[in-house]
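Read the structure below first, then the notes.
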Amino acid sequence: METIKDKVAIVGMGCSQFGENWDMSADDMIIDAVYEAYDDAGLGREDIQAVWVGTAFSGIGGICVSGPLKLDRIPITRVENFCATGMETIRNATYAIAAGVYDVVLCIGFEKLKDSGLAGLPAGYTHPVLGVNVTAPGRWAMAATRYFQTYGIDPQEGKKTLARISVKSHYNGARHPKAHLRKEVTIEQVLSAPIIAWPLGLFDCCGNTDGAAAAILTRADMAKSFRDDYVLIKGIGLAIGPSLGKEDASYDYIHLPETEAAAKQAYEQAGITNPRKELDILELHDCFTISELLTLEAIGICPKGKAKEDIDAGTFTLTGELPVNTDGGLKSFGHPIGASGLRECYEVYKQIQGKAELAERQLKDVKLGLSHNQGGHPGSLLPIITILGQAG
Amino acid sequence: MKTGIVSYGAYIPIYRLKRDEIARAWSRGSMGGERSVANYDEDSVTMAVEAVIDCLKDSDRQGVDGLYFASTTPPYREKQSASLIALAADLRRQIFTADFTDSLRSGTMALRAALDAVNSGSGKRVMVVAADGRMGQPQSDYEQNFGDGSAALLIGDENIACEIVGSYCHTDDILDTWRTESDTFTRNWEDRFILSEGYARNTREAISGIMAKYNLTPSDITKAVFYAPDARRHSETAKALGFDPKTQVQYPMFATVGNTGAAFALMMLVAALEEAKAGDRILFANYGDGAEAYILQVTEQIERVRDRRGIKRHLASMINLSTYEKYLRFRRLIPLESQAREQANAFPPVAWREREQLISFHGSRCKCCGRTFHPMQRVCIYCGAKDEYEGVRLSDRQGILYTYTVDNLALSSDPPTIVSKVHLEDPLAGEENHKVGVYCQMTDRDVDKVKPEMPVEMTFRKMHDSGGMHTYYWKCRPPREP
């Protein structure tokens, strides 16, 4: 088995405005994201040889993008892997390029959630009995409850740590022009917000957002013909288990074993042995604040049960030791399901290139970053981890 | 051949509503005391399952040969309920089940049919279960007077705790209380008429009839247990028939439970049996479309069936329903934000195909590694064995709450939803400290008292009514012990 490291490069990316885009259709957002990526890579529609598109609820089949983009008689595949749908496009495209089948591939992720009339996600298939009244915040909240119980953390104290995650994300997102919820919040605001699923309150939950993002991938040895500051794919991990943790009594509800496995795959390919030291930026899938906390432990940044100490100490703020979700993450940037995985790469890509829109958001010397996209819930996770690195 | 009651059980919902609170809502007089109120996820079927399981405590469920369900409020007009109760109680498939409905007297009609079945030899042990949750028109006396509950009697010809030594029956036809096929609330004709010509005339006729038939006088009776529509008529009847209300009359529970319709007489009988001693002679009478009466003789075996939650322990375990509005909500008498997301959630083929795990609440026990999983798995998650499993009942196992959330987002008639991960005991796993995980909702709970590691048990409940059908499953709850 070979590593995927340094075989594929990202040479262009785009991201539409995220938000409640009442005045934009899915097509509008797809066009905005893809044409930004075309311009960024310095190429056009005629250069694209194949497309992977990801959407969870907003379209089916390759025609959902060939129509708006006028793509003509090329292979287009729609993929879906829950909320990990966006990064699944990059994973598939990467392997197609590495196999030597294509030289230039377009990845698109999008979601149009706000036309549904629902405050939450549209219901997919759920079991007519066992799936009744199952909500995403509820499932993550159960992990928070158990985490506090296991480590002897007073729930109010635990909530405060989760609040710090939200405060940090809103601080970062408020500084990104494309983010959905561009507003700073205080710990007091987070703590006093309505409870959605105890112990998670409104500000522990990500936005419900419209948006699209895109990437153009090519062979690493061709990347220089597009630009000097291309970004290399260093490793990709995806790990899905039997997904029975919510029923299985041997699942402890405080670890994310699938995420641990996905990180191990990605680190091995990238040659990372000390992630906390080697990585310069993390984009974590913070659908709920507790997800970010548990992921920090699952990917080896914090020892088990110790994430609270780092979060309380400010380790992951914009000016901290290892910045996390510098664009605001799902919490503040928003979570259009199919687009999020690509957006998580977009931020790392821009940070590596030194091209964050505002200087105060730009980190120094970003060489290696991690983007984490995930679907599911504790005990039933579908995590994808992509390591991105500077060219050369 | 002797025939009688082998075991008994009962159930009273945990919620009680003070009649003063109902009176407050309508600015009218209160009858005083409180009534039981079925939780929003309870109906006559779920209450019946509770009583049956209570009745079958420490006995082999495979040994039941029939189940008769009596109620004026079965969940379906067309489709049996006894079959569902038998499945949830995990009785065997080769049994006879029947519903006895429409009459307030259906509880004792089912009892009579069960006696006939055992006497004829068509079954050795037949379960009779009566459950009712009638609704009075809002603001009416009945709304205050009615209560919800159930009782179960196992009838058989061996190990008899209370022999049934005599019976009497007559039929009458009168429109006193009724519901047409489209009525939600019980209707009634004017009190003076229905109580004198309906209840009082028929009940006295039946009790006098059986006393004469067996040459008994009131002093031969240890305890008189009989139906009455309300407290006043109950004591009037006792007086008229010559029973000493202090020593000879079974307390009718109007102040604590209310009139539980078809289940009422049987619930009073269970309460009497809880206190009965060997040698006691019990007069038992019921009214509705005529009346019937029984003479019962308590045996030494009564001591064998003491460990039941029955009436006494269920009465003692209660939560005060804080407002009348909650009652309206529970009974869906106020239009609620529709359960829009449930619309797609009722599929008879799924409920049928998975009835063993959903209704009988079996887990799959792997024959190779011995560990049990719910929902049932064809491929063992622990050892990988394929199709090497057997179904094992989980509904009577004790457990703890491993983790939970108080979910305000999930739609419910009693928000918030306590989503729970339960760890049930797994004694079949042998030495290993293995648990069986169950992902479910918690019911009958005080939200402020929910804590990780608290003890829980399982209870059969209705999940939703979407699509014009009732969908049932199991939930966890704090143990119903005072």
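Checking the a/c ratio against 1.5 first, then a/b against b/c, what shape does the Cα gyration tensor give for segment B:347-482?
Taking the square roots of the gyration eigenvalues as a ≥ b ≥ c, segment B:347-482 is oblate.
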Inset, instruction - Check each of the GluC sites (Glu not before Pro) in segment A:18-79 and keep only those in coil by DSSP with at most 16 other C-beta atoms within 10 angstrom; list them in order. - result: A:20
Inset, instruction - Report the residue, chosen from A:118, A:296, A:181, that carries the largest GNM mean-square fluctuation when chain A is represented by alpha-carbon nodes joined by springs under 10 Å. - result: A:118
Legend entry - Shape call, segment B:224-279: gyration tensor on alpha carbons, a/c limit 1.5: oblate
Inset, instruction - Give a quick list of chymotrypsin sites (Phe, Trp or Tyr not before Pro) in segment A:87-173 that DSSP marks as loop, anything other than H, G, I, E or B, with at most 16 other Cβ atoms within 10 Å. - result: A:125, A:151
Inset, instruction - Would you mind checking which residues have amide H under 5 Å from residue A:83's amide H? H placed 1.01 Å from N; only 5 or more apart, or other chain. - result: A:375, A:376
Inset, instruction - Using a Gaussian network model of chain A whose springs link C-alpha atoms within less than 10 Å, name the residue from A:106, A:358, A:43 with the highest mean-square fluctuation. - result: A:358
Legend entry - Among A:35, A:323, A:155 - extreme Cα towards positive end, dipole of chain A, charges at beta-carbon: A:155
Legend entry - segment B:4-330 - share of DSSP beta bridges that are antiparallel (%, nearest 5): 65
Inset, instruction - May I ask which residue of A:145, A:169, A:375 lies farthest towards the positive end of the charge dipole of the protein assembly as shown, with charges of +1 (Lys, Arg) and -1 (Asp, Glu) on Cβ and the Cα centre as origin? - result: A:145
Inset, instruction - With a 1.4 Å probe and every protein chain kept in, tell me what percent of the accessible surface of the protein assembly as shown is carbon plus sulfur. - result: 51
Inset, instruction - Please identify the longest segment of chain B free of exposed trypsin sites (Lys or Arg not before Pro), where exposed means a DSSP state other than H, G, I, E or B and no more than 15 other Cβ atoms within 10 Å. - result: B:379-482
Legend entry - Degrees between helix B:106-120 axis and first principal axis of chain B (Cα, 0 to 90, nearest 10): 80
Inset, instruction - Under 21 Å between C-alpha atoms is the cut-off here; go through segment B:340-477 and count lysine pairs that meet it, provided they're at least eight residues apart or on different chains. - result: 13
Legend entry - Residue-wise HN-Hα coupling along segment B:22-35, computed from phi with Karplus coefficients 6.51, -1.76, 1.60 (Hz; x: Gly, Pro): 5, 4, 4, 4, 10, 6, 9, x, 9, 7, x, x, 9, 10
Inset, instruction - Multiply the residue separation of residue B:94 and residue B:303 by 0.36 nm, subtract the distance between their alpha-carbon atoms, and state the gained length in nm to one decimal. - result: 72.2 nm
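Antiparallel DSSP bridges in segment B:340-477: what percent, to the nearest 5?
Numbers: 33 of 34 bridges.
Of all bridge pairs located within segment B:340-477, approximately 95 percent are antiparallel.
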Legend entry - Distance in nm between pseudo-label sites at residue A:264 and residue B:171 (7 Å out along the Cβ direction from Cα): 7.5
Legend entry - Dipole in debye (nearest 20) - segment B:411-482, about Cα centre, beta carbon charges: Lys, Arg +1; Asp, Glu -1: 280
Legend entry - Spin-label pair residue B:79/residue B:59, simplified geometry with 7 Å Cα→Cβ offset, distance in nm: 3.0
Legend entry - Beta bridges per DSSP with both ends in the protein assembly as shown, % antiparallel, nearest 5: 75
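What number, rounded to the nearest 500 deg cm²/dmol, is the helix-based mean residue ellipticity at 222 nm of chain B, given -39500 (n - 2.57) per DSSP H run of at least four residues and division by all its residues? List each step's numbers first, then the result.
Working: 12 runs with 105 residues, N = 482.
So the helix-based figure for chain B works out to -6000 deg cm²/dmol.
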Legend entry - Exposure rule at most 15 other beta-carbon atoms within 10 Å, DSSP loop trypsin sites (Lys or Arg not before Pro): chain A longest free segment: A:184-303
Legend entry - For residues of B:413-424, the mean tally of beta carbons on other chains within 10 Å: 4
Legend entry - Reachable lysines from residue A:112, criterion Cα separation under 27 angstrom, eight or more residues apart if same chain: A:70, A:168, A:178, A:183, A:331, A:350
Inset, instruction - Just reorder B:396, A:221 by solvent-accessible area, largest first, 1.4 Å probe, all chains present. - result: A:221, B:396
Legend entry - Partners for residue B:277 among lysines (Cα-Cα distance below 20 Å; same-chain residues under 8 apart left out): B:2, B:223, B:246, B:312
Legend entry - Cα centre as origin, Lys/Arg/Asp/Glu Cβ charges: the protein assembly as shown dipole, Debye: 980
Inset, instruction - Enumerate by residue number the GluC sites (Glu not before Pro) in segment B:416-449 meeting two conditions: DSSP loop (anything except H, G, I, E, B), and at most 10 other Cβ atoms within 10 Å of the site's Cβ. - result: B:431, B:432
Inset, instruction - Give the distance, in whole Å, between the Cα centre of segment B:154-221 and the Cα centre of segment B:417-482. - result: 39
Inset, instruction - Work out the mean other chain Cβ neighbour count within 10 Å for the residues of B:370-377 and drop it here as an integer. - result: 3
Inset, instruction - Could you tell me whether segment A:255-392 comes out rounded, prolate or oblate from its Cα gyration tensor? Rule is a ≥ b ≥ c as square roots of the eigenvalues, rounded for a/c under 1.5, then prolate if a/b exceeds b/c, otherwise oblate. - result: rounded
Inset, instruction - Could you work out how far helix B:264-275 tilts from the main Cα principal axis of chain B, as a 0 to 90 degree angle to the nearest 10? - result: 90
Inset, instruction - Please give the average number of partner chain Cβ atoms lying within 10 Å of the Cβ of each residue in A:134-142, rounded to a whole number. - result: 6
Legend entry - segment B:287-316 and segment A:144-209: distance between their alpha carbon centers, rounded to Å: 56
Legend entry - Cα lying deepest toward the dipole's positive end in the protein assembly as shown, options B:62, A:8, A:119, charges on Cβ: B:62
Inset, instruction - Would you mind checking which residues have amide H under 5 Å from residue B:135's amide H? H placed 1.01 Å from N; only 5 or more apart, or other chain. - result: B:186
Legend entry - Under 5 Å, built H, 5+ apart or other chain: amide partners of residue B:226: B:250, B:285
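Relative to the compact-globule scaling 2.2 N^0.38 Å, provide the ratio for the alpha-carbon radius of gyration of segment A:107-216.
In units of the globular-protein estimate, segment A:107-216 measures up at 1.24.
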Legend entry - Dipole magnitude (debye, nearest 20) for segment A:216-366, charges at Cβ of Lys, Arg, Asp, Glu: 360
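The values are calculated or read from the model by the stated rules, or taken from the named source; none is laboratory data. Note that the coordinates shown come from a computational prediction; the quantities given were computed from them, not determined experimentally. Because the Cβ atoms are built from the backbone with ideal geometry, glycine has one as well, and the counts that use them run over all protein chains shown. Heavy atoms of the whole protein, side chains included, go into the accessibility calculation; ligands, DNA and RNA do not. Shrake-Rupley method; radii C 1.70, N 1.55, O 1.52, S 1.80 Å.
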